[in-house]
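Since the structure comes first, as structure tokens, the remarks are kept for the end.
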Amino acid sequence: MPDPYLSVVIPVFNEEENLPELLDRLNGTLAPLNRPYEVVLVNDGSRDRSLALLQEASARDPHLVVVDFNRNYGQHAAVFAGFEACRGEIVVTLDADLQNPPEEIPKLVAKMEEGFDVVGSVRVHRQDPLLRRVASRIINRMTAVATGVQLSDYGCMLRAYRRPVVKVLAGSREISTFIPVLADLFAGRVTEVPVAHDERHHGASKYSLWKLIRLQFDLMTSFSVLPLRFTMGVGVVMSILSILLASILIAGRLIYGQSWAVSGVFTLFALVFFFLGVQLFAIGLLGEYVGRIYQQVRGRPRFVVRQTIRDGVAAPGGGGVETAR
């Protein structure tokens, strides 16, 4: 089979109820493009029948490539594995939950053919709960401030990348990373297009509110030293305020006598506890950065591939996907 023009990379984790419809809709969307294509589905340690369904589908359809992890490594690791396995000039990433309709892929491909390196997407009329939408909006704004990359919707997986950008991403050796931001740092021309958004009809979202908060913290500490600078700024301000407060306490003691100084003890205690809290937070933040350095220097694999199925043939290990760093 010749190298495809278009590759669609899809991480899969416990999506047995969505896979049949997803594969049917992908075939109905990609075949009319009249371009060679492949669909790389990365099984991220699913515990349901997702892998069995993917194996059966790949035996029938030569366009399907299945990358099977030995356990769950997370969505971004799965996308990186798909990047290393795909061969297309244009690479589109897509979730398997059908909330981003596969029918929107031609829109991104057409925009890429205008000469862009990366095409993001902005979900319009989102079908998520209100709390999820509000949290996503806050995270998008914080991400833009922390990374300096101005995008409208960082959380939408439906995105398109040109081959050179994908090669740089696949060669990245960062353990903790965020693909949309990392890609935009390496891309020349970047744009966004509006895309539809559907309700999730089967299964449950893999991103709870707590996971979104963790993702935001990982993002800020992986791409920016802004939290360290902010903490340093707080420390400088607090030092200045403490000097001013000490001057006031000393002046009050000299002017009003010992009784005035005693009345300020509880205020002093409150300030001391506040300072201790800020110091503990700063130590924890430094520990987070040091921990990331520790994880990086160990050089462990980002993921381990159990098998890769291409053209109906299963190859053990990588089969073109790196399993060691």
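No value in this document is a laboratory result; all are computed from the given coordinates. Remember, it's a predicted structure, so these values are computed and weren't measured experimentally. So basically every Cβ, Gly included, is an ideal-geometry build from the backbone, and we count neighbours across all protein chains shown.
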Next item on the list: Could you list which residues have their amide H under 5 Å from that of ARG306, counting only those 5 or more apart in sequence or on another chain, with H placed in the peptide plane?
Entry: ASP68, PHE69, ASN70
Next item on the list: Hey, can you grab everything whose amide H is under 5 Å from the amide H of VAL122? Only 5+ residues off in sequence or another chain; H modelled, so Pro and N-termini drop out.
Entry: VAL193, VAL195
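By per-residue mean of other Cβ atoms within 10 Å, what is the highest-first order of 35-44, 116-125, 279-288? Intermediate results must be reported in sequence, preceding the final value.
Working: 35-44: 24.8, 116-125: 19.0, 279-288: 12.7.
Ranked from most to least packed, the peptides come out as 35-44, 116-125, 279-288.
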Item checked: Charge dipole (debye, nearest 20) of region 11-54; +1 at Cβ of Lys and Arg, -1 at Cβ of Asp and Glu -> 180 debye
Notebook entry, point to check: Given H placed on each backbone N at 1.01 Å, which residues far from VAL42 in sequence or on other chains put an amide H within less than 5 Å of it?
Noted result: ILE10, VAL12, VAL67
Check: In square nanometres, what is the average projected area of the Cα convex hull of region 278-317?
Finding: 4.2 nm²
Margin query: I'd like the distance separating the alpha-carbon centroids of region 227-255 and region 19-60, in whole Å.
Written below: 61 Å
